[in-house]
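Novice: Before we start, here is the structure in question, set down as structure tokens.
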Amino acid sequence: MKKIYFLSLMVLAIALSAFRADAQTNYTKQIIFVNGGDFGNADDYVTVASYDLETQTTNEFATIYTQSVQDVIINDGYAYVAAQDSIVKLNIDTYEKVASVAASGINQLATDGNVLIASFWYPVTENFVRIFSLDDLTLISNIEGVSGEAAGILINDGVALVAVPGGWGSTTGKIAAIDIAENTLLSEDDYGDFYAGIGYFAYYNDIIFSFMKTAWGDSTAKVASFDNEGNVLAETTFTNAVLANGTGQFQDKYYVELNNGIAAYDMNSDEMNMIVDPQAASIAASTIDTLNNMIYLTTSDFFSSGDGFIYDLGGTQTGLFDAGISAQAIAVDYRLNSGTDRISEEGMISLFPNPATDFIRIKTKTRFNIQRINIVDVMGSIVYQGDASDRIDISNLDPGVYFINIMGNNSRASSRFIKN
């Protein structure tokens, strides 16, 4: 039995700022996408842009002086961009660069709300996982012992689960577990040749799913599932299927780029169904807006033209947007609105994972003594009341947006989360 400190791993944790729960709603402020430009032109650098859903306009607001982009994530009003040889932090309210750090071989990013975890690949030959300050991007630690090139990251309760596909030609796939607070590798397990090309994870109903990217020249897609201790539950192979990057999770479906279109993998039935037909040009990036039930997808020939498409979850195209030549990273900026967003004066709490499926955890940023907790739905009804706890079971809540109020000694803090 393989035990790799899975604990109760869930969807990538995104800690959000606290806010006043009275009369608040959440909304999608913008779509952030990062463009690699013309791969054949050394003077065509990476650019960062936003797409406004209301005005349906694109605003390019930053340039990163490198040639390609690997990832972008959004946390608390900031975008973190992984771009070939650097990580860049951008304020996506003022659209200004806040910080940057050299990071040759950067691949994927994740955050637990306090630090930034990054995976690395070619050309680096060591330190394939590193931890950075979320504030100013200074390096906190190199994680020693990860054996090869690393990819997707899943975080929960202080542990980062990292896909380790290894370099070109690797014939097996590994999974590493990292203690974030201690900056140490807990374990790395080789799951064998079925897991070659392991790229990213999903979580649903106490089950972890891993997705293996299809190797060049192959035509099979592979998905595996695990329990929380890392024991394999099932391994499924889909024929005539070329699996690329993940799009994102919505409830019990994980959307993926398959055969140059978008498919939905059903985590209940273990079935894969095409949603968006194959594109005329290669898919560069995709993401899902879980508030508006939309898929944002970019295509490119990587040297002269690119397009942005918007689809609903039924696969019907609903719009277009200007994406530039090669928008290879894309993320959704979710916000809270009560007339004016108000961050808790003390910045006392953050919630993770968010969105969540079965439970949420509360992390206090100061010496805030939790005494009572309640959860309110968007109609104002209290759906949960309880005493002090840093872990709350939400498995019985319907999918949607909820507001959590936390009371302490002469203090109160609030935040919101999305239930998948």
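Novice: Output the residues belonging to region 250-263 that are more than 12 Å from Leu313 (Cβ to Cβ) and either surrounded by fewer than 22 Cβ atoms within 10 Å (Cβ to Cβ) or not hydrophobic (A, V, I, L, M, F, W, C) (or both).
Specialist: Matches in region 250-263: Asp252, Tyr254, Glu257, Asn259, Asn260, Gly261.
Novice: Just checking: which of the strands (runs of 3 or more DSSP E) contained wholly in region 221-272 hold 2 or more residues that are in contact (Cβ under 8 Å) with a residue 12 or more places away in the chain, among the small types (Gly, Ala, Ser) and over 18 Å from Ala163 (Cβ atoms)?
Specialist: Strands (runs of 3 or more DSSP E) meeting the threshold: 261-266.
Novice: Suppose we keep only residues that are farther than 19 Å from Gly148 by Cβ and in contact with a Phe, Trp or Tyr (Cβ under 7 Å, 6 or more places away or on another chain) within region 105-136. Which one would you say is modelled with the highest pLDDT?
Specialist: Ranking the qualifying residues of region 105-136, first place goes to Leu116.
Novice: Can you list the strands (runs of 3 or more DSSP E) lying wholly within region 294-356 that have 3 or more residues being among the acidic types (Asp, Glu) and either more than 24 Å from Val34 (Cβ to Cβ) or at pLDDT 85 or above (or both)?
Specialist: By residue number, no strands (runs of 3 or more DSSP E) qualify.
Novice: If you go through region 219-239 one residue at a time, do you hit one that is assigned by TED's automatic domain parsing to the domain that holds Ile208, buried (at least 20 other Cβ atoms within 10 Å of the Cβ), in contact with a Ser or Thr (Cβ under 8 Å, 6 or more places away or on another chain) and not hydrophobic (A, V, I, L, M, F, W, C)?
Specialist: Yes, region 219-239 contains a residue that is assigned by TED's automatic domain parsing to the domain that holds Ile208, buried (at least 20 other Cβ atoms within 10 Å of the Cβ), in contact with a Ser or Thr (Cβ under 8 Å, 6 or more places away or on another chain) and not hydrophobic (A, V, I, L, M, F, W, C).
Novice: Continuing with this model, one more query. Given Leu139, Leu154, which one is in the same structural domain as Val101 (by TED's automatic domain parsing) and closer than 17 Å to Val101 by Cα?
Specialist: The conditions single out Leu139.
Novice: Name the residue that is modelled with the highest pLDDT, counting only residues in region 156-184 that are over 16 Å from Leu116 (Cα atoms) and surrounded by fewer than 21 Cβ atoms within 10 Å (Cβ to Cβ).
Specialist: Among those residues, the one meeting the criterion is Thr172.
Novice: Given the criterion in contact with a strand residue (DSSP E or B) (Cβ under 8 Å, 6 or more places away or on another chain), farther than 30 Å from Asp393 by Cα and not small (Gly, Ala, Ser), identify the matching residue among Thr171, Thr214.
Specialist: Selected residue: Thr214, the only one of Thr171, Thr214 that is in contact with a strand residue (DSSP E or B) (Cβ under 8 Å, 6 or more places away or on another chain), farther than 30 Å from Asp393 by Cα and not small (Gly, Ala, Ser).
Novice: Going through region 66-83 one residue at a time, which ones are of a type outside the set (Asp, Glu) and either modelled with pLDDT of 95 or more or in a strand (DSSP E or B) (or both)?
Specialist: Matches in region 66-83: Val69, Gln70, Val72, Ile73, Ile74, Asn75, Tyr78, Ala79, Tyr80, Val81, Ala82, Ala83.
Novice: Hey, any hits in region 9-19 for a residue that's modelled with pLDDT of 95 or more and aromatic (Phe, Trp, Tyr)?
Specialist: no
Novice: State whether the residues of region 62-85 include one that is surrounded by fewer than 17 Cβ atoms within 10 Å (Cβ to Cβ), in contact with a strand residue (DSSP E or B) (Cβ under 9 Å, 6 or more places away or on another chain) and aromatic (Phe, Trp, Tyr).
Specialist: yes
Novice: So, one more: Return the residues of region 128-181 that are among the acidic types (Asp, Glu) and outside any loop (DSSP other than H, G, I, E, B); say none if nothing qualifies.
Specialist: Within region 128-181, Asp179 is the sole residue that qualifies.
The values are calculated or read from the model by the stated rules, or taken from the named source; none is laboratory data. If you're wondering where the values come from, they're calculated on a predicted model, not measured in any experiment. Counting neighbours? That spans all protein chains shown, and the Cβs are built from the backbone with ideal geometry, glycine included.
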